[in-house]
Every structure is written in structure tokens, then in C-alpha cells.
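Report on one structure; see the data block that follows.
The values are calculated or read from the model by the stated rules, or taken from the named source; none is laboratory data. Here the structure is a predicted model, which is why all the values come from computation and not from measurement. Ideal geometry is used to build each Cβ from the backbone, glycine not excepted, and the neighbour counts take in all protein chains shown. Accessible surface areas use protein heavy atoms only, side chains included; no ligands, DNA or RNA. Shrake-Rupley method; radii C 1.70, N 1.55, O 1.52, S 1.80 Å.
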Amino acid sequence: MTVLFYVVAGALVVGLFAAAFVRLDAARLASGLRTAGPVAAGIVGVVLLLAGRAAAGGMLLSGAFAWYMNARRRRSTRPTPGRRSRVRTAALEMELDHDSGMLEGHVLTGRHEGARIADLGLEDLLDLGRELASDAESVQLLETYLDSRFPVWREHAKADTGGRQAGAPASGAMTKQEAYEILGLEAGASAADIRKAHRRLMQRLHPDLGGSSFLAARINEAKEILLDGHR
């Protein structure tokens, strides 16, 4: 009778979870199921333990915990809708969309001052690169944009960029405010949030994954600057 009571109680709890989720929309239902699955498995594990099935119950509880932790890790690495990072040089200000990995921005100085990067054609962008030749940091950021929008732009370039290596150190010290903007965080973010934002961006922009060496270097620099304040 005792075993039957616990089994019925477990079934009722699982049934209540199911009834509640049926009222939710599809997105919230999927999210709820990711949480309810481990919870339901854990409840059944407890029922088995109380029923004297220690081995089976313990195994089910361990599996439920591993399931929950894996779902939690996957949620932590998902893109955050609407989050953007800002990278600014002397001549360019660019924003990186965390969801799509796309760059957009505008020109801050020179003949194309005020122009949106997206409105400039390849020849205009190459001309801008020549105009900014003395500003290594701006050229690196522009080349990063060209690589994403015109993958074969180097074949059409009319001038050598001087053999500069992507990812070279910035021309000036990065401020904390700039570091927050690069990681897409608000001022005062915790060390855990800083590491989470850094990890999320590097999963998209690491050079080994086809990302940008220049942006990866800036992201690493931003992380170090902000974490230094938490030590």
C-alpha cells in the first residue's frame, strides 16, 4: 500500500506539471519541458528510493541532475536576443550583433564622414582603407568588416595594406567603458557575467572558427581589463 501511495503521488505531481504546460504557448512550453523533464525524473527517483529500490532510484536521481545541469549550460551559451557589442576606433564605430554575428556602423572622419558602412560599395570601402592607411587600428576593423561582407575583397584590392597583421595591439589604452561596450555589458557587471559574455562572443569570433583575429584580440583585452577590477 505504501509503495502504491508513493507511485500515485508521483504520477499526480507529474500530471500537474503536464496540465500547467498545456496552457502555455509553444516557446514557453518547450522551455518548461526542459525544466520539467529533470524534475519529473527526479520525482520518480525519489519514489523508487522510498519504495526500497535504492539502486534504480539513485541512478535516476543522478541522471536527472546531469540532465538539468546540461540544460542549464546550454541555456548559458545561447545568444541573448538584442544584445550588441560596440567597437570604436579613431575613424570607425562598429556594432556587432550577438545573434547574427554581423557588423554594422558608420565612418567618423574623412571624406566619407557620417556614412553608413553598409551604404558604401566595395570600391568606396577600399578607398576608405587607403585614406585610413596611417591608422592601423581603423584599417584592421575595416578589414574585418570587408572579410565578412566581401570574402574575396583582397583579390580586388588595388593597393597593398602594408602587410599589417590582424589582431595587433590597439593604438591606445582601452578604457573600462569601452571594454563594457565591446562585451555588450552594462557598467558594474559581475565577474561571472564578464566571463559569460566573453565566452559567448569567442564562440562566434574565435579565429579557429572562422572569426576575426582583430575582434578576438579586442574581446580578450576587454575581458582582462574588466576582470582586473574584480581581483
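Numerical summary
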quantity: Some residue of the stretch 105-120 being open to solvent by less than 60 Å² (accessible area, probe 1.4 Å) and part of a helix (DSSP H, G or I); calculated: yes
quantity: Count of the stretch 80-104 residues which are at pLDDT below 85, open to solvent by 40 Å² or more (accessible area, probe 1.4 Å) and touching a strand residue (DSSP E or B) at 6+ places or on another chain (Cβ under 7 Å); calculated: 1
quantity: Verdict on ARG154 being modelled with pLDDT of 70 or more, open to solvent by 40 Å² or more (accessible area, probe 1.4 Å) and farther than 27 Å from HIS198 by Cα; calculated: yes
quantity: Residues of the stretch 208-231 that turn out to be part of a helix (DSSP H, G or I), in contact (Cβ under 8 Å) with a residue 24 or more places away in the chain and either closer than 21 Å to MET94 by Cβ or β-branched (Val, Ile, Thr) (or both), as a count; calculated: 12
quantity: Any hit, the stretch 142-149, residues being farther than 15 Å from PHE214 by Cα and either at pLDDT below 80 or open to solvent by 40 Å² or more (accessible area, probe 1.4 Å) (or both); calculated: yes
quantity: Exclusive hit being among the aliphatic types (A, V, I, L, M), within 15 Å of MET102 (Cα to Cα) and either over 15 Å from the mean Cα position of the chain (by Cα) or modelled with pLDDT under 80 (or both), set LEU205, LEU201, LEU226, LEU215; calculated: LEU205
